[in-house]
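Accompanying notes for the structure given below.
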């Protein structure tokens, strides 16, 4: 199940959460490709997942920290082209996750 948070203005924010059957709540770190996102554990040790949403649920692939950081850096580069506000949101999430 995916949860989105919305701002008071009605814009969907970059915050998105997913419940993993073993690791509990995950938060979205960055979009990776169509239907695939990078998530990280919220409460436990930092474990990163490539999550693919499918019609029958989601598949979770554990990936190393450096691969996760690479995907997040690619997202930062894409967001830079989308405008300063979007880039700022993704930059804050990147810094919170990796620094």
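The values are calculated or read from the model by the stated rules, or taken from the named source; none is laboratory data. Bear in mind that the values here come from a model prediction, so they are computed numbers and not experimental data. FYI the Cβ positions are ideal-geometry reconstructions off the backbone, even for glycines, and counts take in every protein chain you see.
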Per-region count, region 20-50, residues more than 12 Å from the chain's Cα centre (by Cα), outside any loop (DSSP other than H, G, I, E, B) and surrounded by fewer than 13 Cβ atoms within 10 Å (Cβ to Cβ): 1
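If you check residue 15 against the conditions, is it surrounded by fewer than 13 Cβ atoms within 10 Å (Cβ to Cβ), modelled with pLDDT under 95 and out of contact with any helix residue (DSSP H, G or I) (no Cβ under 6 Å at 6 or more places or on another chain)?
In short, no.
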